[in-house]
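Quick notes on the structure that follows.
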Amino acid sequence: MAGIFGLLVSSGQIQLWHVYLLAFFQGVVNAIDQLVRQAFAVELVTKADRGNAIALNSIMFNLSRIIGPALAGILIGPFGIATVLWINAGSFLAVIIGLFRMDSARFPIPTKQHGTALAELREGLTYAVRTPEVLLVLLLVGAIGTFGYNFSVILSLIGGFVLKTDAASYGGLGAALGAGSLAAARTTAYFRSVTTRRLLLAAGVFSLLLGTVALTTNYLLAAGLLFTLGYAGILFTTSASTLLQLHVPDELRGRVTSLYLLLFMGSTPIGGLLVGASAHAWGVPVALLLCAGLCLLGVGGSLLYQQHSGEKLRELRT
């Protein structure tokens with residue numbers, strides 16, 4: 001998909017329907033690729049290193065969603081869109097080489113599942129709904145993933161319609177977001193444990209920062225806020241993914257991870273459509289404030305659920 005995209009742009013044949021079609025097929029690829037990689041990471045290490053592997057995989061997964069667009073924004077100015085697309089396509093060679101160098105004979109043999117695919121999916125859904133620690137993560141990811149984690153749309157709106165940046169300045173905004181994400185990744189690497197409290201705190205701070213970004217018209221201030229937004233975003237997503245992977249048993253990891261990715265990535269286009277339509281109708285600041293408010297609403301609802309589920313557990317114990 002990346003190679004075809006680069007070829008169409010280089011040849012000057014690109015049209016809007018091409019972009020839609022490529023995005024559709026890329027979504028199909030991602031539905032398989034992202035799910036397999038999330039569940040596959042823990043099979044590459046021993047149980048003693050599982051926590052570190054989950055955290056590292058989560059950092060790279062979430063960091064790339066910010067660093068990639070930020071780096072592209074910086075390179076588009078001096079090199080052009082076509083060159084950036086070809087660099088993106090070429091970067092997949094590293095992934096392919098890495099996969100071929102793996103010794104598949106050393107992978108653990110997965111336990112054979114019994115029953116239909118529908119029955120297995122139902123089992124994963126039932127587990128997620130009945131496990132408060134898992135459902136809390138999914139509720140937060142659903143809210144933040146849908147309404148807040150649309151950086152490609154948000155940056156475009158801020159840069160193009162609020163700050164009115166050129167390509168170089170737009171790349172600077174992406175760089176600020178990416179720098180904050182890198183700082184968060186380094187911080188997360190030193191955490192010995194991940195807690196639900198940190199997850200909720202990161203989600204709340206992320207929502208408030210998103211609302212603050214909506215109100216600024218100063219470039220330097222916006223860059224500073226995007227730095228902190230990137231920091232909070234990576235802290236939240238890394239905590240969410242790590243908590244989920246550690247709480248879910250091995251035999252259900254693939255199915256629960258698919259729910260996580262559906263809420264985190266599959267819902268993003270819905271949020272993008274909402275923020276785009278809202279920006280067209282009421283302006284960019286109102287659209288971003290609306291998204292920030294919906295994120296905060298999700299955090300508040302998750303807090304209420306946590307308190308309710310904690311009270312139910314205490315009643316069962318007594």
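A few comments on the model shown:
- For beta carbons closer than 8 Å, sequence separation of 6+ or different chains, a first residue in region 19-46 that is free of Cβ contacts under 8 Å to residues at least 12 places away in the same chain and a second that is open to solvent by 80 Å² or more (accessible area, probe 1.4 Å) and in a helix (DSSP H, G or I), the qualifying pairs are Val45/Asn52.
- Filtering Val286, Val275 for residues that are of a type in the set (Val, Ile, Thr) and open to solvent by 40 Å² or more (accessible area, probe 1.4 Å) leaves a single hit, Val286.
- Of all the numbered requirements in (1) at pLDDT 90 or above; (2) open to solvent by 40 Å² or more (accessible area, probe 1.4 Å); (3) assigned to a helix (DSSP H, G or I), Gln13 misses one, and that requirement is (3).
- Given (1) in contact (Cβ under 8 Å) with a residue 40 or more places away in the chain; (2) closer than 24 Å to Gly298 by Cβ, index of the condition Leu201 fails: (1)
- Filtered by the rule that a residue be open to solvent by 10 Å² or more (accessible area, probe 1.4 Å) and of a type outside the set (A, V, I, L, M, F, W, C), region 246-266 gives His247, Pro249, Asp250, Glu251, Arg253, Gly254, Arg255, Ser258, Gly266.
Residues are listed down the side, and each one gets a yes or a no for (1) of a type in the set (A, V, I, L, M); (2) under 16 Å from the mean Cα position of the chain (by Cα):
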residue	(1), (2)
Leu16	yes, no
Phe25	no, no
Ala31	yes, yes
Val36	yes, yes
Val45	yes, no
Ala48	yes, no
Gly77	no, no
Ala89	yes, no
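- Answer residue from region 188-222, given it is of a type in the set (Ser, Thr, Tyr) and under 22 Å from Arg50 (Cα atoms) and is surrounded by the fewest Cβ atoms within 10 Å (Cβ to Cβ) among those: Tyr190
Here's the yes/no breakdown for (1) in contact with a strand residue (DSSP E or B) (Cβ under 8 Å, 6 or more places away or on another chain); (2) of a type in the set (A, V, I, L, M, F, W, C); (3) farther than 21 Å from Ser64 by Cβ:
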residue: Leu125; (1), (2), (3): no, yes, yes
residue: Val129; (1), (2), (3): no, yes, yes
residue: Leu136; (1), (2), (3): no, yes, yes
residue: Leu139; (1), (2), (3): no, yes, yes
residue: Leu157; (1), (2), (3): no, yes, yes
residue: Ala175; (1), (2), (3): no, yes, no
residue: Ala179; (1), (2), (3): no, yes, no
residue: Ala184; (1), (2), (3): no, yes, no
residue: Thr217; (1), (2), (3): no, no, yes
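- When region 16-61 is filtered for residues that are of a type in the set (Ser, Thr, Tyr), modelled with pLDDT under 80 and open to solvent by 50 Å² or more (accessible area, probe 1.4 Å), only Thr46 remains.
- Out of Leu290, Leu304, Leu294, one residue alone is at pLDDT 90 or above, under 11 Å from Leu210 (Cβ atoms), more than 19 Å from the chain's Cα centre (by Cα) and not hydroxyl-bearing (Ser, Thr, Tyr). It is Leu290.
- For region 223-237, a residue qualifies if it is open to solvent by 10 Å² or more (accessible area, probe 1.4 Å), over 19 Å from Thr165 (Cβ atoms) and of a type in the set (A, V, I, L, M, F, W, C), and exactly one does: Leu235.
- Residue that is farthest from Thr217 (Cα to Cα), among those in region 248-293 that are assigned to a loop (DSSP other than H, G, I, E, B) and not polar (S, T, N, Q): Pro249
- Scan of region 122-168 for residues that are outside any helix (DSSP H, G or I) and farther than 14 Å from Phe236 by Cβ, ordered by number: Thr131, Asn150, Leu163, Lys164, Thr165, Asp166
The values are calculated or read from the model by the stated rules, or taken from the named source; none is laboratory data. Only a predicted model underlies this, so the values are computations on that prediction, with no experimental measurement involved. When we count neighbours, we look across all protein chains shown, and the Cβ atoms used for this are built from the backbone with ideal geometry, even at glycine. The accessibility values were calculated without ligands, DNA or RNA, using every heavy atom of the protein model including side chains. Shrake-Rupley method; radii C 1.70, N 1.55, O 1.52, S 1.80 Å.
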